[in-house]
Number of protein chains: 2
Amino acid sequence: MIDPVLVEVTRGGWVESRHRGAIAVVDATGRRRAAVGDVEQSVFPRSAVKALQALPLVESGAADHYGFADVELALACSSHNGEPRHAATAARMLAAAGRGEADLQCGVSWPASRDAAFALARAGARPSALHDNCSGKHAGFICVSCHRGIDPAGYVRPDHPVQREVTATLAALTDTSLNDDVRAVDGCSIPAYAIPLHRLALAFARFATGEMMPPARAAAARRLCEACWAEPHMVAGNGRFSTHVLAAFPGHVFVKGGAEGVYCAFFRQAGLGVAIKCDDGAGRAAERVMAAVISAFVPMAGDEPEGIADRLPVLSRAGASVGEIRTVAGLAELLRQG
Amino acid sequence: MIDPVLVEVTRGGWVESRHRGAIAVVDATGRRRAAVGDVEQSVFPRSAVKALQALPLVESGAADHYGFADVELALACSSHNGEPRHAATAARMLAAAGRGEADLQCGVSWPASRDAAFALARAGARPSALHDNCSGKHAGFICVSCHRGIDPAGYVRPDHPVQREVTATLAALTDTSLNDDVRAVDGCSIPAYAIPLHRLALAFARFATGEMMPPARAAAARRLCEACWAEPHMVAGNGRFSTHVLAAFPGHVFVKGGAEGVYCAFFRQAGLGVAIKCDDGAGRAAERVMAAVISAFVPMAGDEPEGIADRLPVLSRAGASVGEIRTVAGLAELLRQG
């Protein structure tokens, strides 16, 4: 099965580039509400499951023990821009556990935000692991480890107790056996597991509704998404698609993207989970597809909120609109038909 | 016709992302030596045809009049990194014609090279149009205009005499009528024309051999590619694929990439032109495909030169190899079969 074209990039009257992909929308029982393309394919969810990977931070009691509020919990679920507030919050989380930047094993990166990166360069500073987009997630892992009295050294390894706990949580939510056969290594050095796309959507439907979860986990899930809605800037940052969506639909629409064209979401009122994979790994396409999925399933009163359109202009560097990136005609219909 | 998968991006033992595309390899008479995917499709060549767009700079006599050497001619053909040497050379070209940065209409951009951009930021400076990757091409257009005694104002418009001359040159080399129906606007504000992929390959075969061209144009083509081989750093810059290839095969292999997954080339000894388009616009895929095409058609004595492999590791941010980006098995065979 070849996934259909979901997004076109035009220039003048011509389609210049095309992105193929698949979309799964399911409820907490696994019933499919929409399936476009090959929803059985296994994909690496990458950072799209960070909120799921943060469940042990709350479930273990570490978040309470260290006095974490919404801002820290949102950062634990984030792929952040590396803005000063993101780096400072990661540092504060580590300090709460008596640890520091040197314990982070995500790697050192310049901030993902160009503005933040240039500001750092202008200040004559160098980036640290705190600026890496995964530093909040990693700080959370270190806090779980310390709270449980386990040495965090090697916390990125699959056999470290923290990763075992994170993997078990992900396996339970996705109803999938995450064994060595489906394991690779993520960009931030933690294990990455290949998971069928519809199972990822299932996990998000469960995360949304608390169904098929122990009560403590359901409460933890609720607390994490409430934190992300309260602090959308911490989950991504200035100008980012997921920050716009979280800010536009508090208490209702949760979204989180991952590398290589993955995007996940849930719509709480509808009790639906969503997982998207663009075949070619293009984030620009995954965002437009997610915008179209939101339009199809989320009733909107009035105009579409800023920054989450399913079509955006392609600009010349002089600022003129010379084309657009848009979901294909008929995608909304395809999604509604299920 | 759906273009085949040309490139896979793996993580552990799994294919994480896939890039589809088409490859045309033809000789100067248009005879096809290889055709993978839909080679009849029209694509915007974007910056891949900059060397062709620079022909009027030499043919008009402007390059001689202003005393341009290899370094300026290579920059006129470039999509450069915005390194200090690139910006300074563009400024020198403009000054030779009594013009300056304010005449450039490409738009202002931070240098494409992260190192160059951070160096600029650290120095407390702001980017100018000289740092835009197209500044050398635009400086060339302005020089042609001034040398011909034409006001360069509006030189990016399709009806400006310089663009008419550039378009006529491109139309002749590609054997294509570049009328308004196939015209859009490039990222640097000049006209972009949609051209069948195999015709782009044809243009490069002619550029390589001088066949089907007036002698003055054939000489100009020769001078431009000799300049690029003499100054490969000016054509792109530090760490760039095309700079590696030009440096590795002087006098023989010419390559130039464009935005949205386009790459063109010629192999002079074989008299072949090449045009590649990745459907999704991914430059990472176009480079690997070009590396595979070079391997298939260019005899290499000894090891593959640095930086132009058809497979490269995917690295974690901690620097570990966690996968690879590679052309698909069987692509070399497909190319050799024609």
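The values are calculated or read from the model by the stated rules, or taken from the named source; none is laboratory data. It should be emphasised that the depicted structure is a prediction, and the values quoted were computed from it without experimental measurement. All Cβ positions, even for glycine, are placed from backbone atoms using ideal geometry, and neighbour counts span all protein chains on display. These accessible areas exclude ligands, DNA and RNA; they are computed on the full protein's heavy atoms, side chains included. Shrake-Rupley method; radii C 1.70, N 1.55, O 1.52, S 1.80 Å.
Residues in the range B:125-145 that are closer than 13 Å to B:Ser78 by Cβ and either open to solvent by 10 Å² or more (accessible area, probe 1.4 Å) or not hydroxyl-bearing (Ser, Thr, Tyr) (or both): B:Leu130, B:His131, B:Asp132, B:Asn133, B:Cys134, B:Gly136, B:Lys137, B:His138, B:Ala139, B:Gly140. Does at least one position in the range B:303-322 carry a residue that is more than 14 Å from every other protein chain (Cβ to nearest Cβ) and of a type in the set (Ser, Thr, Tyr)? Scanning the range B:303-322, I find no residue that is more than 14 Å from every other protein chain (Cβ to nearest Cβ) and of a type in the set (Ser, Thr, Tyr), so the answer is no. Would you confirm, using the coordinates I've provided, whether B:Val293 is crowded, with 22+ Cβ neighbours inside 10 Å and more than 14 Å from chain A (Cβ to nearest Cβ)? So B:Val293 passes the test.
Identify all residues within the range A:196-227 that are farther than 18 Å from A:Phe254 by Cβ and either open to solvent by less than 10 Å² (accessible area, probe 1.4 Å) or among the small types (Gly, Ala, Ser) (or both); write none if there are none. Selection gives A:Ala216 alone. Looking across the range A:1-22, the residues that are among the hydrophobic types (A, V, I, L, M, F, W, C) and surrounded by 24 or more Cβ atoms within 10 Å (Cβ to Cβ) come down to A:Leu6, A:Val7, A:Ala22.
The number of residues in the range B:42-61 that are surrounded by 24 or more Cβ atoms within 10 Å (Cβ to Cβ), in contact with a Phe, Trp or Tyr (Cβ under 8 Å, 6 or more places away or on another chain) and small (Gly, Ala, Ser) comes to 2.
Annotation for the range A:201-217: at least one member residue is free of Cβ contacts under 8 Å to residues at least 24 places away in the same chain, over 18 Å from A:Val26 (Cβ atoms) and not β-branched (Val, Ile, Thr). Tell me, which residue of the range A:81-94 that is more than 14 Å from chain B (Cβ to nearest Cβ) and within 22 Å of A:Ser189 (Cβ to Cβ) is most open to solvent (accessible area, probe 1.4 Å)? Looking at the filtered set, the residue picked out is A:Ala91.
Scan the range A:12-48 for residues that are more than 12 Å from chain B (Cβ to nearest Cβ), polar (S, T, N, Q) and touching a strand residue (DSSP E or B) at 6+ places or on another chain (Cβ under 9 Å) and the total you get is 1.
Within the range A:263-276, is there a residue that is buried (at least 20 other Cβ atoms within 10 Å of the Cβ) and more than 17 Å from A:Ala296 (Cα to Cα)? Checked the range A:263-276: no residue is buried (at least 20 other Cβ atoms within 10 Å of the Cβ) and more than 17 Å from A:Ala296 (Cα to Cα).
Of the set (1) more than 8 Å from chain A (Cβ to nearest Cβ); (2) touching a strand residue (DSSP E or B) at 6+ places or on another chain (Cβ under 8 Å), all apply to B:Met1 but (2). Criterion applied to B:Arg122, B:Arg164, B:Arg148 was being within 14 Å of chain A (Cβ to nearest Cβ), more than 23 Å from A:Ser17 (Cα to Cα) and open to solvent by 40 Å² or more (accessible area, probe 1.4 Å), and the one residue passing it is B:Arg122. Please work out if B:Val166 is among the aliphatic types (A, V, I, L, M), within 20 Å of the chain's Cα centre (by Cα) and in a loop (DSSP other than H, G, I, E, B). Criteria not met by B:Val166. When A:Ala236, A:Ala318 are checked against the criterion of being out of contact with any helix residue (DSSP H, G or I) (no Cβ under 8 Å at 6 or more places or on another chain) and of a type in the set (Gly, Ala, Ser), A:Ala318 stands alone in meeting it. The set of residues in the range A:95-111 that are without any contact (Cβ under 8 Å) to a residue 60 or more places away in the chain and open to solvent by 50 Å² or more (accessible area, probe 1.4 Å) comprises A:Ala95, A:Gly98, A:Arg99, A:Glu101, A:Ala102, A:Val108. Quick one: how many residues across the range B:27-38 are open to solvent by 10 Å² or more (accessible area, probe 1.4 Å) and either aliphatic (A, V, I, L, M) or in contact with a Pro (Cβ under 9 Å, 6 or more places away or on another chain) (or both)? Matching residues across the range B:27-38 total 2. For the range B:296-338, the set of residues classified as hydroxyl-bearing (Ser, Thr, Tyr) and open to solvent by 60 Å² or more (accessible area, probe 1.4 Å) consists of B:Ser321 only.
Within the range B:327-338, residues that are free of Cβ contacts under 8 Å to residues at least 12 places away in the same chain reach partners that are among the small types (Gly, Ala, Ser) and open to solvent by less than 50 Å² (accessible area, probe 1.4 Å) with beta carbons closer than 9 Å, at six or more positions or on different chains, in the pairs B:Glu333/B:Ala296. With the structure loaded, tell me whether B:Leu75 is of a type in the set (A, V, I, L, M) and under 24 Å from B:Phe254 (Cα atoms) or whether it fails that test. Yes: the conditions hold for B:Leu75. The sole residue among A:Val156, A:Val182 that is within 10 Å of chain B (Cβ to nearest Cβ), of a type in the set (Val, Ile, Thr), touching a His at 6+ places or on another chain (Cβ under 9 Å) and open to solvent by less than 30 Å² (accessible area, probe 1.4 Å) is A:Val156.
Only a single criterion out of (1) touching a Gly at 6+ places or on another chain (Cβ under 8 Å); (2) part of a loop (DSSP other than H, G, I, E, B) is not satisfied by B:Thr176, namely (1). Residue-level analysis places A:Val9 among those that are over 22 Å from the mean Cα position of the chain (by Cα) and either within 10 Å of chain B (Cβ to nearest Cβ) or more than 25 Å from B:Cys278 (Cβ to Cβ) (or both).
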